[in-house]
Amino acid sequence: MTDAELQELLRQGAAAARVGEREAAQKAFRRATELAPASKDAWLGLAGAVESLAEKRICFQRVLEIEPDNADAQTGLDWVARKEGKLPAQPAAEIEPALSEDAPVTCVFHPNVETMLRCNKCGRPICVKCAQRTPVGYRCRECIRSQQNVFYTAGWLDYALVIVVGLVVSAIGAIIVGSLSVWFALFLGPVTGGVIAQATRWAARQRQGRYMAHIVSGCIIVGALPALFLVGFNLWGLGGLAVYVIAAVGTAYSRLG
């Protein structure tokens, strides 16, 4: 299995987990562990996707077999043990306390806020507002962002193709809607939004981009502008275009976001 194939499976699993499609996430991560059993990222991803504490424990143990000093897996095992009642529960918010016994330090993101908490990955002090929960403990937003970046593989060419396809398909849809009534817009808006989402995903070669949903939404709006010349000052036509844009943007964003 090539590294690109592995990264694509990991990206698919993370994307599915992000929108709550747990079964799809499990399928992608399980496939990744089957094809690359020595990938700690695949096992960590699967640990976050499965619901059973027993399965989570197995995944974390496999990670430790691959990398014995992996902090994420050890934290995950401790979390599973606490859930099973084998370890004392963490205090209040279940956030990792600072390792140091010194006086409180200030949050790296809010310098005026004292804290005794630290990100369990980078070790930097963070306040309660900055701590974000993950399946393997609480982390700062920068560590979470850097982890997510692994799954965003779209390049500038992918974005360029997405813009072209998004503008063209949106313009065609808007022109069709502009020549019909507002009632057709209620139906064609979501359909066109779904088509645009699928077409842009194909144009990007199934690669994910952090700002892909926002760019496609902008393309739908800009692509609909030429249709204004078709409807002129016809309020009925303008209303249809407005409905079309709102429905298409909502559908495309929900599928790509």
Practice item. Test Gln147 against the stated conditions and say whether it is assigned to a helix (DSSP H, G or I) and modelled with pLDDT under 85. Key: yes
Exercise for review: Could you check how many residues of segment 33-64 are over 20 Å from Glu5 (Cβ atoms) and hydroxyl-bearing (Ser, Thr, Tyr)?
Suggested key: 1
Review point. Using beta carbons and a limit of 6 Å, which pairs, at least six apart or on different chains, have the first residue in segment 4-21 and under 18 Å from Leu256 (Cβ atoms) and buried (at least 19 other Cβ atoms within 10 Å of the Cβ) and the second one modelled with pLDDT of 75 or more and among the aromatic types (Phe, Trp, Tyr)?
Key: Gly13/Phe29
Exercise for review: Determine if segment 198-210 includes at least one residue that is closer than 17 Å to Ala174 by Cα, touching a residue at least 60 places away in the same chain (Cβ under 8 Å) and in a helix (DSSP H, G or I).
Suggested key: no
Exercise for review: Specify the residue that is surrounded by the fewest Cβ atoms within 10 Å (Cβ to Cβ); the eligible residues are those in segment 195-222 that are small (Gly, Ala, Ser) and within 13 Å of Ile246 (Cα to Cα).
Suggested key: Gly218
Review point. Listed residues Val216, Val222; which is under 14 Å from Leu167 (Cα atoms), among the aliphatic types (A, V, I, L, M), in the same structural domain as Ala171 (by TED's automatic domain parsing) and within 17 Å of the chain's Cα centre (by Cα)?
Key: Val216
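The values are calculated or read from the model by the stated rules, or taken from the named source; none is laboratory data. Fair warning: this is a prediction, and the values are worked out from it, not measured in the lab. All Cβ positions, glycine included, derive from the backbone under ideal geometry; neighbour counts span all protein chains shown.
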